[in-house]
Structures are given as C-alpha cells and as structure tokens.
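Structure first, then comments.
Every number in this text was worked out from the coordinates using simple rules, so none of it is lab data. Computed from a predicted structure; not experimentally measured. Here the Cβ positions follow ideal geometry from the backbone for every residue, glycine too, while neighbour counts run over all protein chains shown.
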Amino acid sequence: MGTTKWKYPAFIRRGEDGDFGVYFPTLLGEVGWEYPLSTGTSKDKAIQEAKKKLAYVIASIIFDNDPVPDPVRIPHDHLSGNMELIEIETRFQNEFGTWNIYFDEPASDEETRFLDLNYKRIENFPNGWLLFTVNSKSEGEQKVHHFIENVLLPMRS
C-alpha cells in the first residue's frame, strides 16, 4: 500500500443543538449522509476530531484486509445550503515520522488496571491507551500481534 496519508471529501454543518458535525457520505455510504463521523462545539474541534476518526475508519478497513476506497467527490447537487464542502486529511504517521499504535475498546476492570499501569491513556477516550510507537508497518504488525497473543488473549481467557 505504501501511503500513510489520505484525504477524503466531507461536508460540515451545524446541527440543531449548535454543534458542528462532519459527514463522509461517499466513504461511509448512506449512513454517511445521516450520521456525522465526528462532532464538536466549533468547526475546528469537529474537524480535528474527524481527522482522528477518519484514521480509525481507514485503520479498520486495513485491519480487515479490505482495499482502502479511493476518495470520491461529493456531488454539489446533493448538498443543501447549510452544508459546507471540506476535505479532511489524515495520516498514521505522527510529526516524528513514526506511527502510534492505540488500543481503544471497552475493557474489564482487570484489563483497565493492567493497561493503566503499563500504557499511557489517550485523552478524551475512556477506553483508549497508546500501546507503542513504531517506525514501520511491519514493526507495528509484529508488536500488535505480540500484544494480542501475549497480553490481551491471556487476560480474556
């Protein structure tokens, strides 16, 4: 695959509650028109959250060994007056050129205690921890495999 950066068309609009939502209809199909991938109290906060959530969506596609879809333009005639077209760019590499690998799912009390002792918790994610930072995809795959086989599965057995 080689690429670590993706840019997808989206639209942002303000909801009735005053929050902004970022929608990805050409990436997420019909649900992408109805449900925002991210929300925020300001446009900037919603967009920053969309960058993270888009990375998670792409990571799950890659994890399932499915091809990452090409970006598809949102047709202008599908937009209403309160929708603003934007592009969201996300990448897996951090500013140092390395990849951060996260664990972000509900955990039992025992798992939470273990993860809190051994890994750094992700801000604003009640069930999220930074597991490690790697220099390559292959290193990431090895460490994720090791974490699943030697940490997660034994805790869950």
query = Do we have any residue at all in segment 29-46 that's under 17 Å from E123 (Cα atoms), out of contact with any Ser or Thr (no Cβ under 8 Å at 6 or more places or on another chain) and among the charged types (D, E, K, R)?
reply = yes
note = Note on segment 122-137: residues over 16 Å from the mean Cα position of the chain (by Cα) and outside any loop (DSSP other than H, G, I, E, B) are F132, T133, V134, K137
